[in-house]
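Notes follow once the structure below has been shown.
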């Protein structure tokens with residue numbers, strides 16, 4: 001399957017990256033518990049990104065990309081990393097000012 005590549009007009013001004021590892025476990029009681037990763041892709045990344053002081057056109061361009069994706073996965077390389085990964089954006093917001101705009105979004109890693 002072919003996926004679009006997200007190439008924003010500017011690098012995000014803020015980028016918070018977190019990872020969650022899905023586990024399965026058994027509780028034996030008395031404080032003893034055994035856990036293991038849940039599947040091959042148990043570690044999933046989540047990124048909160050924000051672009052500040054964009055031009056109105058730049059903000060609309062990013063907003064239009066997310067809207068067109070309609071939660072479909074897309075390729076993107078986060079700042080300070082070299083690995084292109086597959087992401088999904090289901091939540092974003094834009095804030096328009098007199099001559100500038102800000103946009104924030106949350107990406108979740110996708111395995112396809």
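Where a number appears in this text, it was derived from the coordinates with a stated rule and is not lab data. Please read all numbers here as calculations on a predicted model, not as lab measurements. Note: ideal-geometry Cβ built from the backbone for every residue, glycine included; neighbour counts use all protein chains shown.
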(i) 1.12; (ii) 1.27; (iii) 1.03, with the label sought being that of the calculated Rg/Rh (Cα atoms, Kirkwood Rh):
(i)
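Quick check: from the Cα gyration tensor, does region 1-41 come out rounded (a/c under 1.5), prolate or oblate?
It is oblate, given that a/c is not under 1.5 and a/b is not larger than b/c.
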Apply the a/c threshold of 1.5 to the C-alpha gyration tensor of region 69-108 and tell me whether it is rounded, prolate or oblate.
oblate
Using 1/(1 + (r/R0)^6) with R0 = 30 angstrom and r between the beta carbons of residue 70 and residue 21, what's the FRET efficiency to the nearest 0.05?
0.55
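I need the calculated FRET efficiency for the pair residue 60 and residue 2, taking r as the beta carbon distance and R₀ as 22 Å, to the nearest 0.05.
The formula returns an efficiency of 0.30 here.
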Spatial separation of Cα centroids for region 85-101 and region 1-67, in angstrom:
15
Taking the simple approach of a point 7 Å from Cα along Cα-to-Cβ for both residue 91 and residue 46, what is their distance in nm?
0.8
Test of understanding: in a Gaussian network model of the chain with alpha carbons linked when under 10 Å, which of 28, 65, 74 would top the mean-square fluctuation ranking?
28
